[in-house]
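The values are calculated or read from the model by the stated rules, or taken from the named source; none is laboratory data. The structure displayed is predicted, hence computed values, not measured ones. Cβ atoms come from the backbone with ideal geometry, glycine included; neighbour counts cover every protein chain shown. All accessible areas refer to the heavy atoms of the entire protein, side chains included, with ligands and DNA or RNA removed. Shrake-Rupley method; radii C 1.70, N 1.55, O 1.52, S 1.80 Å.
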Amino acid sequence: MERKNKTTGTVAGIIANLVIVKVEGPVAQNEIGFIYHPENKLMAEVIKITGDNVYVQVFESTRGLKIGAKVEFENHLLEVTLGPGILSRNYDGLQNDLDKMEGVFLKRGDYTDPLDREKKWDWTPIAKKGDNVTAGAWLGEVPENSMPHRIMVPFKMEGVYTVKNIVEAGSYIVDDVIATVSDAEGNDIELTMVQKWPVKMAIKAYDNKPRPFKLLETGIRTMDTLNPIVEGGTGFIPGAFGTGKTVLQHAISKYAEADIVIIAACGERANEVVEIFTEFPELEDPRTGRKLIERTTIIANTSNMPVAAREASVYTAMTLGEYYRSMGLKVLLMADSTSRWAQALREMSNRLEELPGPDAYPMDLTAIISSFYARAGFVYLNNGKSGSITFIGTVSPAGGNLKEPVTESTRKAARCFYGLNQDRADSKRYPAIDPIDSYSKYLEYPEVRDYLTKHIGEGWLDKVAKTKNLLLRGREAMEQINILGDDGVPMEFHERFWNSELIDGVILQQDSFDDVDANCPMPRQKYMLEKVLDITDKKFAFENFEDLSGFFKRLINHFKQMNYAEWESDKFKKYEAELEEIMKERLN
Amino acid sequence: METQAFQKIYTKINNLTKATIMLNANNVGYDEMAMVHGRMGQVVKIMGDNVILQIFGGTEGIPTNAEVVFLGHPPQLKVSDQLAGRFFNAFGDPIDGGPEVEGKIVDTGGPSVNPVRRAQPSQLITTGIAGIDLNNSLVTGQKIPFFADPDQPYNQVMANVALRAEADKIILGGMGLSNDDYLYFKNVFDNAGALDRIVSFVNTTEDPPVERLLIPDMALTAAEYFAHERQEKVLVLLTDMTLFADALSIVSNRMDQIPSKDSMPGSLYSDLARIYEKAVQFPHGGSITIIAVTTLNGGDITHAIPDNTGYITEGQLFLRMDSDVGKVIVDPFRSLSRLKQLVIGTQTREDHPQVMNAAIRLYADAANAKTKQDNGFDLTDYDERTIKFAKEYAVQLLAVDLNIDTEEMLDRTWQLFKDNFSREEVVIRQEFVDKYWKQ
Ligand SMILES: Nc1ncnc2c1ncn2[C@@H]1O[C@H](COP(=O)(O)OP(=O)(O)OP(=O)(O)O)[C@@H](O)[C@H]1O
Ligand SMILES: [Mg+2]
């Protein structure tokens, strides 16, 4: 968008947050404009152009707005500001720093700086004078909460540049010039630690994007063991209200092995964001011992904030993720809930009187969701280092019915499906991930299979397959028991059922609110799974099915105590020993 | 509301529908209120000098030459301590025969609290009802609805909860309230000597349904005054939000919007969230807690209204008639309080979380056993014991007619465990079993 003067226009129509502007001059699709309202300027984005009528969605309430109000277009799309100091921040969907806003209530038109312009950063150069660099090349780095924050050649710069000058190690503010580069024609360009990027475009300053292959440990047994997600992978968690999407995402964001965690609260509850603000500064990252908040950035567009900004919020989050990925970091991105984003699209599409698709969602919903998920991934950067964005979104299907457009569209885009089951949630079997319907397509990738075998152990995949099989057979047995009655089926059916109950109780169920059980590292997961599978292989002697169920309940009870105990602690070992005793009594 | 001298009067309406009028007017603000032929209207669309107004009371009898006066502001309420003890209609006008309230004029439906200026809800609210205090503990700053069929005594339960909750102010937002229920609330609050702590905004079944749309904003504007400016603990009761949503669908339907599920507007989630998200805990101690009622159609919670509500609120209290014991209970399966984690086991006894979960698990086992029984199968000894437990649990703990403290609830539950099960069958952390399983 190369334009000398800002295009202006006047408000000609208002329907809620859709405003029609009569323009004098050129505008671009998705360009940002400001509407002049008596006390403040309201930010808006162009979403449709017909002749000199430009339709904009306003990121604020339009209450009191009048026909004839002046509008000024900014010559750029919706952008985020990238630079050190993004971690630990609480932003709204448009990257305004919420902590910098004055007053208790949000004020419309209050736009705050996402970065701290005064803070000094300890700069160490990486590039040298004379180096040839392209967009995304690392010029130097500053420590940001102990994470190496690489300062890069701005992503918008096309072509090859030569480093003409780079400042020495020292302390600088973000707006200081830290390097001067010259282009092929010899023009000098001064660079600071800050750059901007339009959120709806993917940052592609990397060499290549292979299929992801490394396990990303989340500490959640039913995910890591049964349906693992990988570094750079995508997954989604659909579930009716109250089935545990948010608790699961929070648990993952606490314990997953990621360098950076970005949480986009997209049209959900403010209190859930407050929970993160309150808890993360207290909680430790189990791997680094530093506070969780140090590696976390929150994008909060809660449900009562303007709807148009809700759509922007997921893109803002993704762009921040891409920025950190380009630094060679492992980013975990969570969005709760992508359905609210889809609903924001629906509200706007309806106001534009577009031809509706299924359930009145826009026709191109699937394409929009797919291209969003496609921005995640594992990449090799131009300098040979790697970085990743693992993306997990929640979906809130209307009426809990998975045959609805957002769930179905997302299923096409995401590789892991963690479906939350209402019955499991009702009976407090958390996390309520359905072990049979859920899947990880990554388990089919040969490179992932090799990785798991190498890092977890020979035969691991067989154990996983066996576990799934036992769960399936358990469910079938239960169905038979329900149809034919306890006495109407052979003992074997009860055995099958209780084997699956054992796996359920010990491996699948996990208490996110228990300090110990909440996080289960891979070695512990492996140990427990092998222990449980051992039992399912054994032949015990029972008088009748009640005898059998009583025995299994005791086993499960003891196993649970083990789960609640510190790994390999005396308590853990005590329960383990007791378990052996219980089994000995029954072994034939 | 009176018109002011400088306001321009329009007298030519171009188009009329059941709920809207259109006229040519200038200098009109979006969302602005207007007086149309003595009725209140609000601007919902402006295209050039074509202005469309929604008329809350309907357009019946409005002639094309009716007087239209724009008031220059969105819906407003005068707030001050004088609100206490008073009854108002959807426009904030007194309906109790008392004088006009004097106070600061504020726009209703204002912006939300900056999330970083909120505190984490943390103060336990006790109600004496175990279905709530034991299984679904509430905290200040929470928002939670009762899900109930229309024939259940939800207003009574809600009134009890309100009176026991020790709130500084109770604000009643009544939407489509029958006159009997309106008088019921008035009576209970009066008898409890609580009238001076109550503010009511009421739209009864006799008032035009679309006026209901203003009630939650009115109630919450008053709530924000007391919770923020007076730093009080405010409890807002909204009944019945299903009728509120129905009014939304009437309006969107008349405006020719494309409906989504169950003929509800596509913006239902945002419309409801805007209201419920006003629940807040302020760091200074003031708070707004919202307890609402969402009536169901034959217990169907997949309908768009309860479904969207469930996605917004912090849990739901599901009222159900338990025919085995003949009492209305808070159903432990479909009910949930998402904020209970913040208080149970810390502000209540340590064994609370585990006891709660164990009891619900056993209650679920009883449900399975009953299914078996209904299908004509023999019951095991364990099945029989769970069924017995479930009955006792329903009567002694789940029924809504209870009024006991939380310790007593926990003790009763342990007693039921002991009466019906072995230690291993309850699956509770060993420390607690050792401590509370009384010999
Ligand atoms: N892993 C878990 N361990 C213990 N309790 C859980 C777990 N997951 C969920 N719960 C319980 O379920 C409640 C609801 O969970 P959560 O808020 O995550 O649901 P949700 O799917 O995000 O719902 P919504 O769609 O309405 O946001 C929690 O408040 C908690 O009581
Ligand atoms: Mg949630």
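Report the B-A buried area as the accessible area lost on both sides summed, probe 1.4 Å, in Å² to the nearest 100.
Counting protein atoms only, the buried area is about 6400 Å².
Would you mind checking region A:224-261 for residues with the amide N under 12 Å from a putative spin-label position 7 Å along Cα→C-beta of A:Glu447?
Answer for region A:224-261: A:231-233.
With every protein chain left in place and a probe of 1.4 Å, what is the accessible surface of A:Leu420, to the nearest 10 Å²?
For A:Leu420, the solvent-accessible surface is approximately 20 Å².
Taking a spot 7 Å from the Cα of A:Glu530 along the direction of its beta carbon, which residues of region A:543-568 have an amide N less than 15 Å from it?
A:568
DSSP loop GluC sites (Glu not before Pro) in region A:222-289 with at most 13 other Cβ atoms within 10 Å of their Cβ, which ones? It would help to have the intermediate numbers written out before the result.
Numbers: sites: A:Glu231, A:Glu257, A:Glu268, A:Glu272, A:Glu275, A:Glu279, A:Glu282, A:Glu284; in loops: A:Glu231, A:Glu257, A:Glu268, A:Glu282.
Passing sites in region A:222-289 are A:Glu282.
Report the normalised scattering of region B:171-227 as log10 I(q)/I(0) at q = 0.14, 0.16, 0.20, 0.27 Å⁻¹, calculated by the Debye formula with identical scatterers on the alpha carbons.
Summing over Cα pairs of region B:171-227 leads to -0.39, -0.50, -0.74, -1.07.
Find, among the GluC sites (Glu not before Pro) in region B:1-95, those assigned to loop by DSSP (not H, G, I, E, B) with at most 16 other beta-carbon atoms within 10 angstrom. Present the calculation step by step, with values, prior to reporting the outcome.
Working: sites: B:Glu2, B:Glu32, B:Glu60, B:Glu67; in loops: B:Glu2, B:Glu32, B:Glu60, B:Glu67.
In loop regions of region B:1-95 (DSSP not H, G, I, E or B), the sparsely surrounded GluC sites (Glu not before Pro) are B:Glu2, B:Glu60, B:Glu67.
Expressed as a fraction of 2.2 N^0.38 Å, the rule-of-thumb size for a compact globular protein of N residues, what is the C-alpha radius of gyration of region B:9-70?
0.93
Is the shape of region A:281-348 rounded, prolate or oblate, going by the alpha carbon gyration tensor and its root eigenvalues a ≥ b ≥ c, with a/c under 1.5 for rounded and a/b larger than b/c for prolate? It would help to have the intermediate numbers written out before the result.
Details: a/c = 3.20, a/b = 1.87, b/c = 1.71.
Prolate is the answer for region A:281-348, as a/c is 1.5 or above and a/b outweighs b/c.
Give me the dipole magnitude in Debye, nearest 20, for the protein assembly as shown about the Cα centre, with unit charges on the beta carbon: positive for Lys and Arg, negative for Asp and Glu.
Numbers: 112 positive and 148 negative charges, 409 e Å.
My answer is approximately 1960 debye.
Averaged across orientations, what area in nm² does the convex hull of the alpha carbons in region A:8-78 project?
Numbers: hull surface 15.7 nm².
Hull-based average projected area comes out at 3.9 nm².
Considering only DSSP beta bridges where both residues belong to region A:221-446, give the percentage that are antiparallel (nearest 5). Can you show the working numbers first?
Details: 9 of 34 bridges.
Antiparallel bridges make up about 25 percent of those DSSP assigns within region A:221-446.
Setting aside same-chain residues fewer than 8 positions from A:Lys100, which lysines have a Cα under 23 Å from its Cα?
Cα-Cα hits under 23 Å: A:Lys41, A:Lys119, A:Lys120, A:Lys196, A:Lys291, B:Lys278.
Taking every pair of Cα atoms in chain B, average 1/r, invert it to obtain the Kirkwood radius, and report Rg/Rh to two decimals. Don't skip to the answer; put the middle values down first.
Details: Rg = 24.7 Å, Rh = 23.6 Å.
A ratio of 1.05.
Quick check: convex hull over the Cα atoms of region B:4-121, volume per residue in Å³, rounded to an integer?
On the way: hull volume 19.8 nm³, N = 118.
Here the figure is 168 Å³ per residue.
Quick check: Cα centre of region B:334-399 to Cα centre of region A:285-363, how many Å?
Here the two parts' Cα centres lie 38 Å apart.
Considering only B:Ala367, B:Ala19, B:Ala227, give the residue with the highest GNM mean-square fluctuation for chain B, with springs between Cα atoms whenever their separation is below 10 Å.
Per the Cα network of chain B with a 10 Å cutoff, B:Ala367 tops the list.
Using just the C-alpha positions of chain A as equal point scatterers, what log10 of I(q)/I(0) does the Debye formula give at each q in 0.06, 0.07, 0.08 1/Å?
-0.37, -0.49, -0.62
Hey, with R₀ at 45 Å, roughly what FRET efficiency would B:Lys327 and A:Asn5 work out to, going by the Cβ-Cβ distance, to 0.05?
On the way: r = 74 Å, r/R0 = 1.65.
So the FRET efficiency works out to roughly 0.05.
Based on DSSP, what percent of beta bridges with both residues in chain A are antiparallel, to the nearest 5? Numbers along the way, then the final one.
On the way: 68 of 95 bridges.
Taking every DSSP beta bridge with both residues in chain A, the antiparallel ones total about 70 percent.
Report, in cubic angstrom per residue, the convex hull volume of the C-alpha atoms of region A:121-193.
Numbers: hull volume 5.4 nm³, N = 73.
In region A:121-193, the Cα hull volume divided by residue count equals 74 Å³.
Just want to confirm a number: the relative contact order over chain B, from Cα pairs under 8 angstrom separated by 6+ residues, in percent. Could you put the intermediate results ahead of the total?
Working: 884 pairs, mean separation 72.0, N = 439.
Value for chain B: 16 percent.
Roughly speaking, to the nearest percent, how much of region B:9-70's 1.4 Å accessible area is carbon and sulfur?
47
Express the relative contact order of region B:73-164 as a whole percentage, based on alpha carbon pairs under 8 Å and six or more residues apart in sequence.
Result for region B:73-164 is 21 percent.
Any number yet on Rg/Rh for region A:514-588, C-alpha, Kirkwood? List each step's numbers first, then the result.
Values: Rg = 13.1 Å, Rh = 13.2 Å.
Radius of gyration relative to Kirkwood radius: 1.00.
Note every residue of region A:376-418 with a reduction of at least 40 square angstrom in accessible area, all protein chains present versus the isolated chain, computed with a 1.4 Å probe, or write none.
A:Gly399
Comparing the chain by itself with all protein chains present, which residues of region B:253-279 are at least 10 Å² less accessible (probe 1.4 Å)?
Residues of region B:253-279 that lose at least 10 Å² of accessible area once the other chains are added: B:Ile258, B:Ser260, B:Lys261, B:Gly266, B:Ser267, B:Tyr269, B:Ser270, B:Ala273, B:Arg274, B:Glu277.
Nearest 0.05, what FRET efficiency do A:Arg586 and A:Asp487 give at R0 = 22 Å with Cβ-Cβ as r?
Details: r = 22 Å, r/R0 = 0.98.
The calculated FRET efficiency here is 0.50.
Can you compute log10 of I(q)/I(0) for the protein assembly as shown with the Debye formula, treating each Cα as one identical point scatterer, at q = 0.10 Å⁻¹?
Rounded to two decimals, the profile gives -1.28.
Looking at region A:146-179, which trypsin sites (Lys or Arg not before Pro) are in a loop (DSSP not H, G, I, E or B) and have at most 15 other Cβ atoms within 10 Å? Can you show the working numbers first?
On the way: sites: A:Arg150, A:Lys156, A:Lys164; in loops: A:Lys156.
The qualifying sites are A:Lys156.
Taking a quarter of the surface of the Cα convex hull of region A:460-586, what do you get in nm²? Walk me through the numbers on the way to the answer.
Numbers: hull surface 31.4 nm².
Here the figure is 7.9 nm², rounded to one decimal.
Quick one: work out the % antiparallel among DSSP beta bridges in the protein assembly as shown, nearest 5.
Details: 113 of 170 bridges.
Just about 65 percent of them are antiparallel.
Where nothing but the Cβ of Lys and Arg (+1) and of Asp and Glu (-1) is charged, how large is the charge dipole of chain B around its Cα centre, in debye to the nearest 20?
It works out to roughly 800 debye.
Can you give me the distance in nm between label points at B:Met47 and A:Lys291, each placed 7 Å from the Cα along the Cα-to-Cβ direction?
For the pair B:Met47/A:Lys291, the computed spacing is 5.4 nm.
Go through A:Pro154, A:Asn544, A:Asn53 and say which Cα lies farthest out towards the positive end of the charge dipole of chain A; charges sit on Cβ, +1 for Lys and Arg, -1 for Asp and Glu.
Result: A:Asn53, furthest along the dipole toward the positive end.
Can you put A:Lys128, A:Lys403 in order of accessible area, largest first, using a 1.4 Å probe?
Values: A:Lys128 125, A:Lys403 160 Å².
From most accessible down to least: A:Lys403, A:Lys128.
Please report the relative contact order for region B:256-325, taking Cα pairs under 8 Å with a sequence separation of at least 6, and give it as a percent rounded to a whole number. Don't skip to the end; give the middle numbers.
Values: 38 pairs, mean separation 21.4, N = 70.
Dividing the mean separation by the residue count of region B:256-325 yields 31 percent.
At a 1.4 Å probe, what is the % contribution of carbon and sulfur to the accessible area of region B:235-321? Don't skip to the end; give the middle numbers.
Working: 1170 of 2310 Å².
Its accessible area is 51 percent carbon and sulfur atoms.
Rank A:Asp99, A:Asp423 by accessible area, highest first, at a 1.4 Å probe radius? List each step's numbers first, then the result.
Working: A:Asp99 75, A:Asp423 110 Å².
Largest to smallest exposure gives the sequence A:Asp423, A:Asp99.
How are the C-alpha pair distances of region B:352-436 spread across 10 Å bins, as whole percents from the shortest bin up?
That works out to 17, 49, 28, 6, 0, in percent per bin.
Solvent-accessible area per residue for the protein assembly as shown at a 1.4 Å probe radius, Å²? Could the numbers behind the result be given before it?
Working: 37940 Å² over 1027 residues.
That works out to 37 Å² per residue.
Would you work out what percent of the accessible area of chain A, with all protein chains in place, is carbon or sulfur (probe 1.4 Å)? It would help to have the intermediate numbers written out before the result.
Working: 10730 of 21900 Å².
Carbon with sulfur: 49 percent of the solvent-accessible area.
Dipole size in debye (nearest 20) for region B:352-436 around its Cα centre, Lys and Arg Cβ +1, Asp and Glu Cβ -1? Please report the intermediate quantities before stating the final value.
Details: 11 positive and 17 negative charges, 29 e Å.
For this selection, approximately 140 debye.
Hull surface divided by four, with the convex hull built on the Cα atoms of region A:111-262: how many nm²?
Working: hull surface 49.6 nm².
Averaged projected hull area, Cα only: 12.4 nm².
Just by accessible area at a 1.4 angstrom probe, what is the order of A:Phe493, B:Phe389 from largest to smallest? Each step should come with its number before you reach the end.
Numbers: A:Phe493 40, B:Phe389 0 Å².
The ranking, largest first, comes out as A:Phe493, B:Phe389.
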